[in-house]
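Here's the structure, in C-alpha cells; my notes come after.
The values are calculated or read from the model by the stated rules, or taken from the named source; none is laboratory data. The model shown is predicted, which means the values in this text are computed figures rather than measured ones. Here the Cβ positions follow ideal geometry from the backbone for every residue, glycine too, while neighbour counts run over all protein chains shown.
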C-alpha cells in the first residue's frame, strides 16, 4: 500500500501560502512604521524554510502555528481600540468573594508584603521559562518525528487566539494595576509593569522582565492567564510519554500558576481560566485531527505490474 506524503500533496500550495503570509506581514509592519530587525529575520527565515527542502518544510509545518501566534500577539495594538469596557475593581471584588486571602484581600495583594528571595528566584525563573518549555517540547517532538509535533503547534495557536478574543471582549486589569492605580475607571495611559518579576531582575542584576514587559502593548490582558495555559499544554501533550513526564510537567505547571499570583500578574480566577482554555484548545485540536484522519481517503494498493485500481 502507498500513501502520498504531505510534501508531494499540496507542497507547492503550502510553500506559497507561507511565503505570502511572511511577505505580507513584513510589508504591513514596514508600512505602519513598526518594523524591527526581529520581524525581518523571522519573516525571511520562515519564507526560506518553505523552499529549503522536505526536511525543513516538515519542520515548518509544525512551527508555522507558532509563527502565526507570534504575529497575532505582536499585532495586538492594531485592535486595542476596539476593546469593550475595561474591568478593574469588579474582578478584584469577585476574586475576594471566591478566593479570599487573610484580611479580606486578594492573594496577589497578600503576597506583596510576604516575599522571599527563594520564591522570587524560582517564581521568576518559571515565569521566564514558561514559553521556552513549549519551544523545547516542539523541538523534541520534531526530532523524534512524533505526531504531537503538529498537535502542539495548533493547540498553542488556538489557546492564544482564545486569549486574544477574551482580551477584546473582557479586557481586565491585572492585580498590580489595581494595587497601583485603584479600582476606578481604567487609565489608558498606564504603562506596562513587570510587577513582582522586577525582584527577579534585581536579584540577578538583569533587565529581562523590564525589557519583556516594556514591549507589551496590552496592559489589560489579565484574563485568561496564558502564563498558566502554556504549561498545561505541555502536560497534555506529554501525558502519554510516561510518569516522569507527567510529574515533571505538572510540577512546572503548578509552579507557574503559583508564580502568576505571587508575582501580582494574575488572580486565581485568571489562572483557572487559563487552565480551562488550554484544555479546551487541546481537545478541540485533537478532535479536528481525528475527524481529518477519518475523512482522509484510504491508500491505494499497488496491483501486480505497478498498476493501481480504484
**Item:** Which numbered condition residue 111 fails, given (1) crowded, with 22+ Cβ neighbours inside 10 Å; (2) more than 22 Å from the chain's Cα centre (by Cα)
**Value:** (1)
**Message:** Restricting to the stretch 46-56, name every residue that is loosely packed, with under 15 Cβ neighbours inside 10 Å and assigned to a helix (DSSP H, G or I).
**Reply:** 48, 54, 55, 56
**Request:** Look through the stretch 164-184, keep the residues that are assigned to a helix (DSSP H, G or I) and touching a helix residue (DSSP H, G or I) at 6+ places or on another chain (Cβ under 7 Å), and return whichever of them is farthest from residue 282 (Cα to Cα).
**Result:** 179
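Here is a yes/no grid of residues against (1) farther than 30 Å from residue 271 by Cβ; (2) in contact (Cβ under 8 Å) with a residue 12 or more places away in the chain; (3) surrounded by 17 or more Cβ atoms within 10 Å (Cβ to Cβ):
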residue: 11; (1), (2), (3): yes, yes, no
residue: 33; (1), (2), (3): yes, no, no
residue: 38; (1), (2), (3): no, no, no
residue: 58; (1), (2), (3): yes, yes, yes
residue: 63; (1), (2), (3): no, yes, yes
residue: 85; (1), (2), (3): no, yes, no
residue: 95; (1), (2), (3): no, yes, yes
**Message:** With part of a helix (DSSP H, G or I) and touching a strand residue (DSSP E or B) at 6+ places or on another chain (Cβ under 9 Å) as the only criterion, which of 91, 26 stands out?
**Reply:** 91
**Prompt:** Only one residue in 55, 47 is within 19 Å of residue 138 (Cβ to Cβ) and outside the structural domain of residue 268 (by TED's automatic domain parsing), so which one is that?
**Reply:** 55
**Message:** Can you go through 161, 138 and tell me which one is surrounded by fewer than 18 Cβ atoms within 10 Å (Cβ to Cβ), in contact (Cβ under 8 Å) with a residue 60 or more places away in the chain, in a helix (DSSP H, G or I) and in contact with a helix residue (DSSP H, G or I) (Cβ under 8 Å, 6 or more places away or on another chain)?
**Reply:** 161
**Message:** Any residue that is more than 16 Å from the chain's Cα centre (by Cα) and under 29 Å from residue 150 (Cα atoms) - is there at least one of those in the stretch 227-234?
**Reply:** no
